[in-house]
Amino acid sequence: MKLKRICILLLALSLPAAATAWTAELNTLERLGRHLFFDQRLSNPSGMSCAECHAPEAGWTGPKSDLNRGGAVYPGAISTRFSNRKPPSAAYATFSPVFHFRKSEKIFAGGNFWDGRATGEEIGNPAADQAKAPFINPLEHNLRDARALCDLVASAPYSPLFQQAFPSVPQPLDCRGDLSGTIDRIALAIGAFEASEELNPFTSKYDYYLRGQARLTPLEEKGLELFNGKGKCAQCHPSDAGPYSRQPLFTDFTYDNLGTPRNPQNPFYTQQRRFNLEGKKFIDPGLGGFLRTRSEYRSQAGANLGKHKVPTLRNVDLRPAPDFVKAFTHNGYFKDLKELVHFYNTRDTLPRCRGKALPGRDCWPAPEVARNLNRDEMGNLGLTDEEEEAIVAFMKTLSDGYRPER
Ligand code: HEC
Ligand code: HEC
């Protein structure tokens, strides 16, 4: 039984690499996962699906421009409750390896979430591990417990898909006799959908360029060169194939503290005390916060405070309309790619903001966490304004759904 499950999982995980870019047909397990992902009934009160915070038209991240413009975190099923971080893209997340410590380099890598705490240790797949969490999180889907989730799924019109997706399990959807097995299968199906070609199509202009089917403009070409060279971006967001995929993922799944400023508009600061004990003083501990919770890693928590997982840059500029605002980094402080590149370029050369000085132009606010800043690969890059523009132009070639000229 365990072995079978792992086989199904491996099959699901090997799909995006094996499938071609032209077909987007989902197998039964993926289709089941798709239903679960978009099902708005699976929350209390109903109305909240995974897609409310991870919508395809916004690159599988938050689809509400007005929220992105401000606090950038999303309310859950209870509209006054907010979690404390910006939804990262749910696409290309399944490539992340199980959370681990690399002794030789002394760094952590893998897992899902900004802080890696969806480790993948439980069912061998960080995304599937992750898929269980939002349903019973009071700040997200807000379901009472696993049983409540199971009962809702059992009454859904797509419930017969369970038998087809898990043919060898006599009763794959059994909320009384095998609740935990059923929840695992729900998570596996969502994980399979997240690993499917629909979320991982590799159809950006850059992908076609790599296959010799599209040409970059001179500006994009220059941006790519700077991205790999002077801008040092590729040192954390590799633009070529890596150990986890034959196609570039634009993340190495490691953790860093860029010195991202606090986002003062984050509504988490004013949440009820039972969700935020520290109130306005809240500081996102990132990876260090997760490490504190694990005895084997606790001693390394301090050295990893403020670090967040390197996000993929695929679809970073994908938006439903040109004036749609997207938010970037774990707390959504940045609203504009040019501004973010300028931050990488000048974090250590502009003064701290005081008085009327304009953040991003004259100064930068203090980092949310001042410890453990990365100073090797950013802070003073010496890029010109045109070079910053070129890097932005290159990032815009990473949106899926590009149609190559024939
Ligand atoms: C209310 C908004 C919200 C809902 C609903 C929601 N998520 Fe998320 N999701 C987030 C936030 C915020 C994070 C980052 C959390 C963190 O780092 O602590 C996240 C992280 C993730 C990640 C990790 C990506 C990565 O690269 O680390 C995946 C995958 C994901 N969500 C999938 C799902 C699925 C599947 C569902 C439905 C079962 C779901 N989410 C429902 C807000 C949401
Ligand atoms: C030292 C590793 C490192 C380097 C070098 C680096 N990044 Fe990042 N990047 C990160 C991390 C870590 C985050 C998330 C930081 C956070 O949430 O506070 C991030 C976030 C981003 C984001 C936001 C994505 C999102 O979905 O929110 C963009 C865009 C980005 N980087 C682009 C670049 C560009 C362009 C360069 C080169 C100028 C670059 N990065 C260099 C590690 C790096």
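Centre-to-centre, using Cα atoms only, the range 138-175 and the range 292-313 are separated by 33 Å.
The trypsin sites (Lys or Arg not before Pro) of the range 176-213 that DSSP puts in a loop, and whose beta carbon has at most 15 other beta carbons within 10 Å, are Arg176, Arg211.
Loop-located GluC sites (Glu not before Pro) in the range 222-322 (DSSP state other than H, G, I, E, B) with a sparse environment of at most 13 neighbouring Cβ atoms within 10 Å: Glu278, Glu296. Once both labels are positioned 7 Å from their Cα atoms along Cα-to-Cβ, the gap between Glu105 and Lys356 label points is 4.7 nm. A full extension of the chain between Gln265 and Glu405 corresponds to an added length of 46.1 nm, given 0.36 nm per residue minus the alpha carbon distance. Length available on full extension from Ala303 to Glu377: 0.36 nm per residue minus the Cα-Cα distance, which gives 24.9 nm. Helix 385-395 and the long axis of the chain differ in direction by around 10°, with both axes built from C-alpha atoms.
Relative contact order of the range 251-317: 41 percent, from C-alpha pairs under 8 Å at least 6 residues apart in sequence. A simple packing score, the average count of other Cβ atoms within 10 Å per residue, orders the peptides 214-224, 264-274 as 214-224, 264-274, with the highest score first. Note on the chain: with charges restricted to the Cβ of Lys and Arg (+1) and Asp and Glu (-1), its dipole about the Cα centre is near 1120 debye. For the range 108-150, the set of trypsin sites (Lys or Arg not before Pro) satisfying both a DSSP loop assignment and a count of at most 15 other C-beta atoms within 10 Å is given as Arg144.
Between helix 126-136 and the chain there is an angle of about 80 degrees, using the helix long axis and the longest principal axis of the Cα atoms. Remind me, relative contact order of the range 201-295 in percent, using alpha carbon pairs under 8 angstrom and six or more residues apart? It rounds to 11 percent for the range 201-295.
Taking 19 Å as the limit for the C-alpha separation, the pairs Lys64/Lys326; Lys86/Lys205; Lys64/Lys309; Lys132/Lys307; Lys326/Lys396; Lys335/Lys396 exceed it in the case of Lys86/Lys205; Lys64/Lys309; Lys132/Lys307.
3J(HN,Hα) along the range 253-265: 6, 9, 10, 8, 9, 7, x, 3, x, 4, 9, x, 7 Hz, from the Karplus curve 6.51 cos²θ - 1.76 cosθ + 1.60 with θ = phi - 60°, whole Hz, x for Gly and Pro. Between Lys338 and Ala154, the FRET efficiency estimated from the beta carbon spacing at R0 = 60 angstrom works out to 0.75. Quick one: Cα centre-to-centre distance for the range 331-375 and the range 49-95, in angstrom? So the separation of the two Cα centres works out to 23 Å.
Where a number appears in this text, it was derived from the coordinates with a stated rule and is not lab data. All values derive from a computational prediction rather than experimental measurement. Here the Cβ is made from the backbone with ideal geometry for all residues, glycine too, and neighbour counts use every protein chain on show.
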